[in-house]
Amino acid sequence: MTPLSISRTTAVRAVALLLVLGLLAPSAVSALTYDPAEETSLEQGTITSPANDSTVISTQGYTFQGNTNPKKPARVISVGRRGDLEWTHDDEVGGDAWFFDVDPLPNGNLLVSSPRAGDTLVFELDPDTQERVWEKRFNMTDTHDVTAIGENRIAIANMREWNESAGVSDDRVVVYNRSTDEITWEWYFKNHFPASTDGGYNDDWSHVNDVDPVGENRLLLSPRNFDQAIVVDMESKEIVERLGSDDEYDVMREQHNPDWLVSENGTPTILVADSGNNRVVEYAKENGEWVRTWEVGTDSLNWPRDADRLPNGNTLVTDTLNHRVIEITPTGEVVWEYYATWGPYDAERIGTGPESSGPTIRDLNASGKYAITGSANLTAGGSDSVGFAGRIRATFSGTLLEGPMTEFATRWAHVTPWLRPIWMSGWEFVWAIGAGLVGLAWASGELVARRGRIAAGAKRLID
């Protein structure tokens, strides 16, 4: 080799090393300066109008293969009117827990759904004593929602019920009677949806995440992976109402927790956390068609998974990957805000009953599309989503690549928070991936440059 070629090789290596170190530097600084004692995992945000009662919040946390990350805890908490923490419930009896749906009961207790160790534990929690009044463990995986539908009867959204021997999904909704300890009613998605829905049967086919009573004998169901909300008549077992359809993302995308409302003039209305589209929407049925009447939070919410209309006309929104619960006015102004890591799933305002109990947006004369304003922005993206995903959307907006890049940005925003360390920001995660790619390219270049030497060494070993 000539001196010039050696100089070039050395220079390339030096540039690669500096680039890797430069990309990793922000993450290194964050790791070295992170102080768990200063962690503000439970903290009030904007509060311009105290709530009329306590707010109960469930957080999913992060559990992988039975191991819970202590920095991403699962728990149920109660927050006071002015944002003061009242209590925390985080038991792991019977296995590491996730907490999903939590519903206030008429007696003041809470009905909780908590998957753990491959099963689902359902229990009634006395918030004053923190004791379980009763509990029942079901051989059901990852159940997100259970709902009391009468004395001793509980409706259960039974997702991920995969029949491996038959190669079909047995996802269903059931009614369990606590008095007789038996399932008294069941409804299978495979009997009402084509096998081709969501690309065909798989072990998480419907991902049904919500079941709510509608009147005396109907249930509102949310098969998330089918991008729709349906109402089922319990006697005929027919689908009598349907909002959305599979892959019709403009209506809804991988929604959570739809609520059934009825306007003053009797118009059927559905309020729903449109998770995959990062917004909360409301639809009213006019002349047999569902019409969107309200949209709030697009591109500032991040994977919202619950929205309840309160009696005062405001909406309580669980903004999961911004790790907060907010109460917003019909025009999107934040009047109450609380940050609760990790990954809040459900929030209920005590005294208002489970789910929504307020007027429709049309009854409030507030139809339209609104941005969310007034947040304390303690979580990146809480106002305008200027992180990496937001930058991708803005960069490719109006171009031929807008569709695929928006899809990429959405998936990035919903997946990476579960992967990166708690001390690492979104941009630092991007730089770290960049450092990995540069390092991989560097290693590949070294292999190519030394291929002759490597081949000769391998030949000597063989000989």
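Every residue, every condition in (1) more than 29 Å from residue 108 (Cβ to Cβ); (2) modelled with pLDDT under 90, yes or no:
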{"position": "25", "(1), (2)": "yes, yes"}
{"position": "36", "(1), (2)": "yes, yes"}
{"position": "40", "(1), (2)": "yes, yes"}
{"position": "45", "(1), (2)": "no, no"}
{"position": "56", "(1), (2)": "no, no"}
{"position": "59", "(1), (2)": "no, no"}
{"position": "71", "(1), (2)": "yes, yes"}
{"position": "75", "(1), (2)": "no, no"}
{"position": "90", "(1), (2)": "no, yes"}
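Could you tell me which of the residues 202, 225 is closer than 30 Å to residue 409 by Cα, among the polar types (S, T, N, Q) and in a helix (DSSP H, G or I)?
Result: 225 is the single residue among 202, 225 that is closer than 30 Å to residue 409 by Cα, among the polar types (S, T, N, Q) and in a helix (DSSP H, G or I).
From 371, 307, grab the single residue that is buried (at least 19 other Cβ atoms within 10 Å of the Cβ) and either under 18 Å from residue 42 (Cα atoms) or not charged (D, E, K, R) (or both).
That would be 307, the only listed residue that is buried (at least 19 other Cβ atoms within 10 Å of the Cβ) and either under 18 Å from residue 42 (Cα atoms) or not charged (D, E, K, R) (or both).
Going by the structure shown, is residue 417 modelled with pLDDT of 80 or more and either farther than 18 Å from residue 18 by Cβ or among the polar types (S, T, N, Q) (or both)?
It is false that residue 417 is modelled with pLDDT of 80 or more and either farther than 18 Å from residue 18 by Cβ or among the polar types (S, T, N, Q) (or both).
For the stretch 257-307, which positions are among the charged types (D, E, K, R) and closer than 14 Å to residue 330 by Cβ?
If the condition is that a residue be among the charged types (D, E, K, R) and closer than 14 Å to residue 330 by Cβ, then 282, 295 are the ones that fit.
Taking the residues in the stretch 122-179 that are over 23 Å from the mean Cα position of the chain (by Cα), under 27 Å from residue 195 (Cα atoms) and of a type in the set (A, V, I, L, M) as candidates, determine which candidate is surrounded by the fewest Cβ atoms within 10 Å (Cβ to Cβ).
166
Within the stretch 299-309, is there a residue that is over 18 Å from residue 362 (Cβ atoms) and either touching a Cys at 6+ places or on another chain (Cβ under 8 Å) or aliphatic (A, V, I, L, M) (or both)?
Scanning the stretch 299-309, I find at least one residue that is over 18 Å from residue 362 (Cβ atoms) and either touching a Cys at 6+ places or on another chain (Cβ under 8 Å) or aliphatic (A, V, I, L, M) (or both), so the answer is yes.
Looking only at the stretch 261-276, filter to residues that are closer than 27 Å to residue 190 by Cβ and surrounded by 21 or more Cβ atoms within 10 Å (Cβ to Cβ); which one of those is nearest to the chain's Cα centre (by Cα)?
275
Exactly one condition in (1) of a type outside the set (Ser, Thr, Tyr); (2) in a loop (DSSP other than H, G, I, E, B); (3) crowded, with 22+ Cβ neighbours inside 10 Å; (4) at pLDDT 95 or above is not met by residue 330; state its number.
So the condition that residue 330 fails would be (3).
Which one of these is under 26 Å from residue 325 (Cβ atoms), assigned by TED's automatic domain parsing to the domain that holds residue 320 and in contact with a Leu (Cβ under 8 Å, 6 or more places away or on another chain): 221, 243, 271?
271
The values are calculated or read from the model by the stated rules, or taken from the named source; none is laboratory data. Being a predicted model, the structure only gives us computed values, none of them experimental. Positions of Cβ are generated from backbone atoms using ideal geometry, with glycine treated the same way; all protein chains shown enter the neighbour counts.
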